[in-house]
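Below you'll find the structure, written out as structure tokens, and then a few comments.
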């Protein structure tokens, strides 16, 4: 029996595994990088071990240090979670060779399936060896790992070499393995997957389907179970192929077989030999704790005759610290508050007051709703996200709510191109027009000991805020009866709550302030000084870092004096294990180049200047 388990991961999945271990009476050991010393996963475990290393982004890829930590802490077993070393056969062998229990499939099964090229060959599918115009569009894909890292769609043959190089670099950074391959890209397909669970006694369960079609940069954003709008024939083929894949490698434990479904045709993608990020939706409809089953299987216990019947429908949304309107740029900073209604499940690796850094994936939390029908589950999740309190960096919360309420999603007609078609409308600013006034009234109350009323008439007070990228000026007055503003009736105003009567409708605004950042309900504003500072002057064509990160590459032969065309990639930033391309804003000459490989940059750092030529 396992009594102590080391979790070879971080963030929400480490916290989620620790939760099940606590319920099973198993002690947990966390590992952490220096950047994660105070992270939630290190705090909730019974013990924590520091993994030495100067590069926090690579720390969790050091299998030798993790095995050493497990032995030092007296752990019996190792659970890899997802990502990092979860699909690394060498790590699985090292764990077993050290006399520890590996919570996962046999290393041989990982080896056969974790390389997507070998997996396809096992299923009778040959990857493209040479790419021609007739093959376009194609998908460049990392052979190891997942999560959208090392994936690029190529529609122009001239772009292939550059995208191959970028994919290799991204895959090597995320998984320690830079192998990539090329396959034809299926346009307009749905991403459907099958959850399997197998024991060491020959029993194999198929635990339903999931639809994960809503993706950004090939990384899933909204998932659900069971996959909607699949006829029995397609479902039967999906099950048949999933069983075939698992049986072919003698699979043990929890795994997922992924497919694209287009025009009722099923295309095998890969088998992920680990727990999926989206496993909670399967848990919700099946009633199975997949982490608990992974542990029981590793202990040698047998599964029953078959999985429980599915109950209802579940939908999961991934809440990211990122700005979808700015090319999904990851965001960093202090997470002051994160709270969602109790009606939904929250899996997170953060708590109030934690800092979101630059080294890891920007996933803040997974929010999961379960209900008797799909429509009810979708409505429940959208409402919970809308009412969630999220104070801190910009997130994709508004995008999630609008996606869930979009007609195409509501009718289950979505595919993997959903955001390619609808991103502008889903990210169009729609802030509450009364939020700046509520912020000003709350601030006025909080700053005035005596209410600020004067016996003589006075000029209106003026405050300025930026909201959704635009500046707003609001005016209010101190009167004998309290605070007042034109066009509305101020029912109540204090530092944390403002109630306005607008045309007979009362609106409540909860207000929180952190420095110059103000959160009014779900709207974030920035308070501006009374007398604005002089605007900094920058040369036209200046390129600034849009996010904190590391310059990983500068275009070949790019120097000051190089002539470039508008849109040409000039350099690449890596942030949170993803590479972001910085392109020339105009056609001209590079007059300034300050970026160099390995350079750490903060948002707003000047990287280069391109002087436009006439």
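The values are calculated or read from the model by the stated rules, or taken from the named source; none is laboratory data. Keep in mind that this is a model prediction, so the values were computed, not measured. Neighbour counts are summed over all protein chains in view; Cβ atoms, including those assigned to glycine, are modelled from backbone coordinates with ideal geometry.
A few comments on the model shown:
- Just one residue in the set 165, 109, 172, 158 is at pLDDT 85 or above, within 28 Å of the chain's Cα centre (by Cα), surrounded by fewer than 19 Cβ atoms within 10 Å (Cβ to Cβ) and not assigned by TED's automatic domain parsing to the domain that holds residue 556; that residue is 165.
- Some residue of segment 434-450 being modelled with pLDDT of 95 or more and under 30 Å from residue 221 (Cα atoms): yes
- If the condition is being part of a helix (DSSP H, G or I) and over 24 Å from residue 420 (Cβ atoms), then segment 354-405 contributes 375, 376, 377, 379, 380, 383, 384, 386, 387.
- Screening the candidates 598, 567, 604 for the property of being more than 18 Å from residue 541 (Cβ to Cβ) and surrounded by fewer than 22 Cβ atoms within 10 Å (Cβ to Cβ) yields one hit, 598.
- Residues in segment 137-161 that are more than 22 Å from residue 88 (Cα to Cα) and touching a strand residue (DSSP E or B) at 6+ places or on another chain (Cβ under 7 Å): 137, 138, 139, 152, 153, 154, 160.
- Count of segment 101-131 residues, restricted to those that are assigned to a loop (DSSP other than H, G, I, E, B) and within 25 Å of residue 154 (Cα to Cα), is 10.
- When 500, 543, 525 are screened for being crowded, with 20+ Cβ neighbours inside 10 Å, touching a strand residue (DSSP E or B) at 6+ places or on another chain (Cβ under 6 Å) and farther than 13 Å from residue 438 by Cα, only 543 passes.
- Applying the criterion of at least 3 residues that are surrounded by 13 or more Cβ atoms within 10 Å (Cβ to Cβ), in the same structural domain as residue 523 (by TED's automatic domain parsing) and under 38 Å from the mean Cα position of the chain (by Cα) to the strands (runs of 3 or more DSSP E) found wholly in segment 457-496 leaves 461-467.
- Test for residue 224: is it outside any loop (DSSP other than H, G, I, E, B) and at pLDDT below 95: no
- A search for C-beta distances below 7 Å between a residue of segment 341-354 that is under 14 Å from residue 321 (Cβ atoms) and in the same structural domain as residue 321 (by TED's automatic domain parsing) and any residue that is assigned to a loop (DSSP other than H, G, I, E, B) and at pLDDT 95 or above, counting only pairs 6+ apart in sequence or on different chains, returns 349/10; 349/39.
- In segment 501-581, counting only strands (runs of 3 or more DSSP E) that sit wholly within it, the ones holding 2 or more residues that are touching a helix residue (DSSP H, G or I) at 6+ places or on another chain (Cβ under 6 Å) span 505-514, 517-520, 523-527.
- Within this structure, residue 424 fails the test of being more than 21 Å from the chain's Cα centre (by Cα), without any contact (Cβ under 8 Å) to a residue 24 or more places away in the chain and either assigned by TED's automatic domain parsing to the domain that holds residue 520 or surrounded by fewer than 23 Cβ atoms within 10 Å (Cβ to Cβ) (or both).
Residues are listed down the side, and each one gets a yes or a no for (1) surrounded by fewer than 23 Cβ atoms within 10 Å (Cβ to Cβ); (2) at pLDDT 95 or above; (3) within 23 Å of residue 600 (Cα to Cα):
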position: 13; (1), (2), (3): no, yes, no
position: 24; (1), (2), (3): yes, yes, no
position: 29; (1), (2), (3): no, yes, no
position: 36; (1), (2), (3): no, yes, yes
position: 47; (1), (2), (3): yes, yes, no
position: 52; (1), (2), (3): yes, no, yes
position: 57; (1), (2), (3): yes, no, yes
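- Of the residues in segment 81-90, at least one is surrounded by 16 or more Cβ atoms within 10 Å (Cβ to Cβ), part of a helix (DSSP H, G or I), within 28 Å of the chain's Cα centre (by Cα) and not assigned by TED's automatic domain parsing to the domain that holds residue 355.
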